Amino acid sequence: MKTMNFTGLAPEITEYISRIETQLNEQEMQLQIHSKTVESQQVRIDQLTTMLLNLQKSMFGPSSEKSKYVLGEEANQPSLFNEAEAESNRQAPEPTKVDVAGHSRKAKRTREELAANVPVVEVLCELDEEKCRCEICHGKMRVLGKEAVREELEIIPAKVRVLRYIRFSYVCEDCEKETGDATIMKAPTPAPVIKRSLASASTVAHVMYQKYVNGMPLYRQEKDWANQGVMLSRATLANWIIRSATDWLEPLWVLMKSHLLEQAVIHADETAIQVLKEEGKKPSSESRMWLYCSGNTGTAPVVLFEYQPTRSGEHARRFLEGFHGWLQTDGYSGYNKVLNVTRCGCWAHLRRKYQEAMPKSGPLQESTAAVGFDYCNQLFTIDRELDQLSPDKRQLQRQERSKPVLEAYYTWLETVNVLQGSKLAEAITYSVNQKASLSAFLEDGRIELSNNRAENKIRPFVIGRKGWLFSDTTKGAKASAIVYSIVETAKANKINVYMFLFYIFSKLPGIDFKANPSLLEDFMPWSQKLPDYCRNNQ
């Protein structure tokens, strides 16, 4: 048997093995890269799936953030089909009143209460004189009595009429006889809302009320006016709004802003608005409608809108210049540009992030998102129980009851490991980055746990936007901001919006408020000098 000599082949074998090891290392690196790619793609798939599910939920699911809807607690409720059999109890006492969660359910309102402030017109149902005869002896019958048979609500459609002001001139007869020169006087006439225009106080108030309270776009109002026999174009209606808002409502807006900046707490929010004819921007681009409103501090509420072309925090800084209190907002970093204020966070936003991070399959109650959601709910439950307390007492109770929950929540956060890029990671990151602002509610009882107050005040604008979709010009957008401010502040002060606008346009044009700005105080929605017809009686 011959012996093989590998001595000369050793370098080749070593080189071959080295190449194999290099290829294996390259393949291992490729596998790691592919593994990371698959992992990132899976995160992206989860994100897109979550976005799709959240979109479907927003369109077709319940909008409530209550635990029984978010955590699926209603699944433990008895079936509606056998509820009578499952809950029947012959020994159960018959209640004399209905109690719900610590308060008595309101009794059903009577007809008298529903229409307590509506004038009553009696419709008399009488017999004709020839029919007022006895069927037996044909004698004349007298009235024995009367009874109320039923009541109905009647609508009287709006009517349009032309007010033609006829001014009388007067001459002094004595001067005319003695000197031959006539002394002439003319009767004063009310100042118009818009000079050389058909617009009256009632028509301008009506157009604004229809658009900014009822959400009726001007093109639909144009048709409504045509049905009344008046041909008014939407351009004319828009001019009425812009001119009246600029001349008479903007001075009130400026005064209301000075009152707002004196508040201890201000809530702020912003939303998109599309303006077609804005210099330097495409018609499809978005601008911003900013909202600022006073907090629950016991003073008269103020709600102000301001139009700006961008979402830059510089707009909030300029608007809030001179304010040195608590600023409650969402987590938008643009508000950091506001100087000399203390930021307060929104636990409702955080709770919403945990809601969006809920797993789409498997048990919800044991998930990490459900635990975070429950911590948020604990704070809201405590705050609801403290709602009727004074700010000082509320602060003391928060230190005693809410602070331990807050500390436990942030201790729990340190134990949570989440997948980067997921919705849960977004909620955790929000909590960590916003810790200072989310903890601010412990420092003052006037601070609210969420920024829902601002979201609720901006909602009428968002709903109205669905009807009119966009503003044509920046002047129109600014006028809309002013009108929304007057309307929402009036509503917050329980003022009848239409009658308030009518009062402003009837009286303010005849007052020289530029020479005496203090006269504008009488037109504030909280002024005690407003006539009674401006106040809601409910």
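The values are calculated or read from the model by the stated rules, or taken from the named source; none is laboratory data. Only a predicted model underlies this, so the values are computations on that prediction, with no experimental measurement involved. Backbone-built Cβ (ideal geometry, glycine too); neighbour counts: all protein chains shown. When the accessible area is computed, the model is the full protein with side chains, heavy atoms only, and any ligands, DNA or RNA have been set aside. Shrake-Rupley method; radii C 1.70, N 1.55, O 1.52, S 1.80 Å.
Annotation: of all residues in region 449-458 being in contact with an Asp or Glu (Cβ under 8 Å, 6 or more places away or on another chain) and within 18 Å of Arg398 (Cβ to Cβ), the one that is surrounded by the most Cβ atoms within 10 Å (Cβ to Cβ) is Leu449. Residues in region 203-253 that are surrounded by fewer than 16 Cβ atoms within 10 Å (Cβ to Cβ), among the polar types (S, T, N, Q) and assigned to a helix (DSSP H, G or I): Asn227, Thr246.
When Ser200, Ser233, Ser258 are checked against the criterion of being in contact (Cβ under 8 Å) with a residue 12 or more places away in the chain and small (Gly, Ala, Ser), Ser200 stands alone in meeting it. Residues in region 112-132 that are over 30 Å from Ile155 (Cα atoms), at pLDDT 85 or above and open to solvent by 100 Å² or more (accessible area, probe 1.4 Å): Lys131 alone.
Here is a yes/no grid of residues against (1) without any contact (Cβ under 8 Å) to a residue 40 or more places away in the chain; (2) among the polar types (S, T, N, Q); (3) surrounded by fewer than 20 Cβ atoms within 10 Å (Cβ to Cβ):
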| position | (1), (2), (3) |
| --- | --- |
| Arg317 | yes, no, yes |
| Gly322 | no, no, yes |
| Leu327 | no, no, no |
| Ser333 | yes, yes, yes |
| Arg343 | no, no, yes |
| Trp347 | no, no, no |
| Lys353 | no, no, no |
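Does at least one position in region 432-449 carry a residue that is over 21 Å from Tyr335 (Cα atoms) and out of contact with any Pro (no Cβ under 7 Å at 6 or more places or on another chain)? Looking for residues that are over 21 Å from Tyr335 (Cα atoms) and out of contact with any Pro (no Cβ under 7 Å at 6 or more places or on another chain), one finds none in region 432-449, hence no.
Taking residues in region 396-422 that are over 28 Å from Ser40 (Cα atoms) and open to solvent by less than 40 Å² (accessible area, probe 1.4 Å), and partners anywhere that are at pLDDT 90 or above and outside any helix (DSSP H, G or I), the pairs with Cβ atoms closer than 8 Å and at least 6 places apart or on different chains are Arg398/Leu386; Arg398/Gly445; Leu406/Ser439. Is it true that Tyr165 is aromatic (Phe, Trp, Tyr), in a loop (DSSP other than H, G, I, E, B) and either more than 30 Å from Ala492 (Cβ to Cβ) or in contact with a Cys (Cβ under 8 Å, 6 or more places away or on another chain) (or both)? It is true that Tyr165 is aromatic (Phe, Trp, Tyr), in a loop (DSSP other than H, G, I, E, B) and either more than 30 Å from Ala492 (Cβ to Cβ) or in contact with a Cys (Cβ under 8 Å, 6 or more places away or on another chain) (or both). Test Ser439 against the criterion of being modelled with pLDDT of 95 or more, touching a strand residue (DSSP E or B) at 6+ places or on another chain (Cβ under 8 Å) and open to solvent by less than 40 Å² (accessible area, probe 1.4 Å), and give yes or no. In short, no.
Kindly indicate whether Leu153 is touching a residue at least 24 places away in the same chain (Cβ under 8 Å), part of a loop (DSSP other than H, G, I, E, B) and open to solvent by 100 Å² or more (accessible area, probe 1.4 Å). Taking the combined requirement at face value, the residue satisfies it. Among the residues of region 509-521, those identified as farther than 21 Å from Val204 by Cα and of a type in the set (D, E, K, R) are Lys514, Glu521. Name the residues in region 478-496 that are of a type in the set (A, V, I, L, M) and open to solvent by 10 Å² or more (accessible area, probe 1.4 Å), would you? Listed by number, the residues that qualify are Ile482, Ala492. Against the list (1) under 22 Å from Ala238 (Cβ atoms); (2) surrounded by 14 or more Cβ atoms within 10 Å (Cβ to Cβ), the condition Leu520 fails is (1). Pro301 meets each of the listed conditions (1) out of contact with any Leu (no Cβ under 6 Å at 6 or more places or on another chain); (2) at pLDDT below 95; (3) in a loop (DSSP other than H, G, I, E, B) apart from (2). With respect to the conditions (1) out of contact with any helix residue (DSSP H, G or I) (no Cβ under 6 Å at 6 or more places or on another chain); (2) within 21 Å of Pro460 (Cα to Cα), Val483 falls short on a single one, namely (1).
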